[in-house]
Amino acid sequence: MTSRSANSTASFTARPRTTPEAGPQCFPGDTPGAPAPARAHKGDGPKPAGKTSFTDVFKVGEFRALWASQILSVGGDRLALVALTLLIYDRTRSPLLAAIAYAAGNVPYILGALFLSGLADRFGRRGVMVTCDLIRAALVIAMLIPGMSLYALIALLYVVTTVQPPFDAARSAVLGDILTGEKYAVGAATMQMTMRMLVVGGAAVGGLTVALVGARPALGIDAATFIASGVLVRAGLRARSAAASTSRPNGLSLLFAGIRLVFADKALRTLMLIGWLAAFYEIPEGIAAPYAGALHAGAVATGLVIATSQIGAVIFTPAFAKGIGPLRRLRWMGPMAALACGILVITAVRPGLVGSMVVFAVSGSFAIYQIAANTAFVQRVPNERRAQAFGVANAGLVVGQGVAFAVAGFACEFVPPATVVAVGGGVGAVIAIYLALRWRGMSPAVGRHSARHLARQVTLAGQSPVSVAD
């Protein structure tokens, strides 16, 4: 798919379909005995229409509303987390309680992602988003009650975070309803870039807001952002019926159905695991403080380590999303994932702060392969199961990040942080190469299932190939 990763919110869309913007897509085994639909390689058929631009995406009113609601909702989430953490620390001077509050960025999210994300399939997605925003606004307003105990404040913050995953799942799923084909890829890239910038700047802006107006007024601002997000979604998105049947939802049944969906399908499983590789190449962010400390640098260097891990992706995402065709993105996905992890091995020679920043920026630049994984995932998942699939994928990513960061932090007690980053990157690169080879054997864009090969087969059969931008 950021305290939760920037990749998690736009991770992985409907069963392969044919639209004016996207040719039919098929993975081996979709229809036993039936030939795969052909897709022409560049130069094998009619020239495709012009490439989709960010302007084309922002011309879609529903996407503008969804994008603006993301800024408000994620910004509010970061603001609440920072404000309440600082408020608790100011009142108790207890690092433990402050850490418990900050852990709300991850722990409850996993539960919400697993058990509540499927609600966005069983109910209208616009309604789920609006409801989540209003619930979070009410909970944050409750935090403003004078005299509320610290433990009650932490509990409310945990509930606020638990309600976020169904909102994220509904937003990710409805993006596939609003945009299709290359517009979806560009739209998903826009959402990822926005999330990365919010991650980099969110904590700083949150801290500045608390410093200027105080923690309690900052919580009031946070509640207002959730209300504004709900209003935007309600006014800007059209109502759609529930994607799945109207049978009574059950958290456990939705969870197990989602797990079966993504793990039973070889292509979905591989795409999801490729997305989860973020846990390895984001290790520098998880141990940014000890890494900077080992370089005899301070808080500013810690911030630079975190920022440079994101800045490369922010710079190169536009070119990757709109300048490179979908088939080439799929071909590059595996090698880029391996490079995103493998480049971190350079830190074994301890390149210093500037050199480390360059390495982390390059790693983040290769991490934009997530756009290809996201788009392919979306094209593979049935619409009526899309939100639950997103929930499982995002929960797994958060768990993977938590485990990777914990192991890396523990290892830093015994070996230099630069060595920890190098080893983590090397392990991730090996896994990425294995997954890339698996994907090569099943992808319609590479290997024996390449578009050129399929187009040649259909041409020999006397059919007309479908033109797809490469």
Among the residues of the stretch 296-303, is any out of contact with any Asp or Glu (no Cβ under 6 Å at 6 or more places or on another chain) and at pLDDT 80 or above? yes
Is there any pair with a first residue in the stretch 47-76 that is over 18 Å from Leu198 (Cβ atoms) and a second that is at pLDDT below 85 and among the acidic types (Asp, Glu) whose Cβ atoms are under 9 Å apart and which are 6 or more apart or on different chains, and what are they? Pro48/Asp470; Ala49/Glu21; Lys51/Glu182; Thr52/Glu21; Thr52/Glu182; Asp56/Glu182
Name the single residue, out of those in the stretch 420-451 being crowded, with 22+ Cβ neighbours inside 10 Å and in a loop (DSSP other than H, G, I, E, B), that is modelled with the highest pLDDT. Ser443
Right, Gly396: at pLDDT 85 or above and at positive phi or not? no
Within the stretch 162-175, is there a residue that is closer than 19 Å to Arg386 by Cα, among the charged types (D, E, K, R) and either modelled with pLDDT of 80 or more or not in a helix (DSSP H, G or I) (or both)? yes
Might you check whether a residue that is part of a helix (DSSP H, G or I), at pLDDT below 85 and of a type outside the set (Gly, Ala, Ser) occurs anywhere in the stretch 265-287? yes
Counting only residues that are small (Gly, Ala, Ser) and part of a loop (DSSP other than H, G, I, E, B), the stretch 123-145 contains a total of 1
Which is assigned to a helix (DSSP H, G or I) and either crowded, with 23+ Cβ neighbours inside 10 Å or under 21 Å from the mean Cα position of the chain (by Cα) (or both), of Val354, Val392? Val392
Which pairs do you get when a residue that is modelled with pLDDT of 80 or more, found in the stretch 305-322, comes within reach of a residue that is not in a helix (DSSP H, G or I), reach meaning Cβ atoms under 8 angstrom, with the pair 6+ apart or on two chains? Ala313/Ala6
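The values are calculated or read from the model by the stated rules, or taken from the named source; none is laboratory data. Keep in mind that this is a model prediction, so the values were computed, not measured. Don't worry about glycine lacking a Cβ; one is built from the backbone with ideal geometry, like all the others, and counts go over all protein chains shown.
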